[in-house]
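Sharing a structure, written as C-alpha cells. Questions coming.
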Amino acid sequence: MTEAIFANGCFWCTEAVFQRLKGVLKVSSGFTGGTIKNPAYREVVIGNTGHAEAIHIEYDESVIDYEILLYVFFSTHDPTTLNRQGYDVGTQYRSAIFYTNEYQKQVAEKLIQKLNLDTFDNKIVTELKPASDFYEATQEHQDFYNQNTEYRYCQLVIEPKLQVLRDKFSPYLKS
C-alpha cells in the first residue's frame, strides 16, 4: 500500500473523485501544510492556520499508478488559479501536491512541465511540497458526497467533477 496527499479545493469534492478509482483503498479528508497541530475545521476554513483542505489516499500501486492519480488530480480542478477553486477562496483551498518520496516529487515535476506546455492556457500554480503531518477531519466530513448526494452543493460542484472522471478515466473506475 502506498500513500498520496493532494489538496485541490474543498476536500468533499476531492474525496468523492478519488474514492471511485480502482486500486484506491481509502480516502480520508483532512488538513495538512499548516502551522498548528490538530487544527479544527473552523480554524482552517477561516484561513489562519496555513493548512489546506486535503485528502490522504491509500492505494495499491500494482493496480493504479501515481501518475494516473496525478492526471485525475489535474483534470478535476483548476490548477492555474491561485488559492481558489470555484466559490472557495483562500489559501486553505490551494492546489498542492504533498509528495511522500522523491519518486512522487519527480513524477509530479515532469507532469507539471508537460501540462504547462500542452494542456493549460495559464501556468499551473500547484504547490509541490514534502508531506507534513496530516490531520483527519471529523467524521461528519468523511465520505461526505456519498452520504449527502442530495445537497445542492454536491449536485452543483461535485457532480461535474465526477462527470469529468467518468468521461476521461472510465477504465480506472471501480465497477
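The values are calculated or read from the model by the stated rules, or taken from the named source; none is laboratory data. Note that the coordinates shown come from a computational prediction; the quantities given were computed from them, not determined experimentally. Here the Cβ positions follow ideal geometry from the backbone for every residue, glycine too, while neighbour counts run over all protein chains shown.
Suppose we filter segment 11-47 for residues that are within 19 Å of Asp133 (Cα to Cα) and out of contact with any Ser or Thr (no Cβ under 9 Å at 6 or more places or on another chain); how many remain?
8
Can you name the condition, by its number, that Gln113 falls short on among (1) without any contact (Cβ under 8 Å) to a residue 24 or more places away in the chain; (2) over 27 Å from Asn101 (Cβ atoms); (3) not aliphatic (A, V, I, L, M)?
For Gln113, the failing item is (2).
Do we find that Asn48 is of a type in the set (S, T, N, Q), on the phi > 0 side of the Ramachandran plot and surrounded by fewer than 23 Cβ atoms within 10 Å (Cβ to Cβ) in this structure?
No: the conditions fail for Asn48.
Next question, about the same structure. Residues that are within 14 Å of the chain's Cα centre (by Cα), of a type outside the set (Asp, Glu) and surrounded by 13 or more Cβ atoms within 10 Å (Cβ to Cβ): find the helices (runs of 4 or more DSSP H) completely inside segment 58-175 holding 3 or more of those.
The helices (runs of 4 or more DSSP H) meeting that bar are 66-75, 159-168.
Now a separate question. So the check is Cβ under 6 Å with 6+ separation or different chains; which pairs have a first residue in segment 14-32 that's more than 15 Å from Met1 (Cα to Cα) and a second one that's of a type in the set (A, V, I, L, M) and part of a loop (DSSP other than H, G, I, E, B)?
Ser29/Ala137; Gly30/Ala137
Right, here's the next one. Kindly indicate whether Tyr87 is of a type in the set (Ser, Thr, Tyr) and at pLDDT below 95.
Considered against the rule, which asks whether it is of a type in the set (Ser, Thr, Tyr) and at pLDDT below 95, Tyr87 comes out as yes.
Taking the options Gln163, Gln104, Gln92, name whichever one is in contact with a strand residue (DSSP E or B) (Cβ under 6 Å, 6 or more places away or on another chain) and at pLDDT 95 or above.
The match here is Gln92.
Still on this structure, please answer the following. So which residues in segment 7-46 are among the β-branched types (Val, Ile, Thr), under 18 Å from Tyr71 (Cα atoms) and in contact with a Phe, Trp or Tyr (Cβ under 6 Å, 6 or more places away or on another chain)?
Scanning segment 7-46 gives Val24, Val27.
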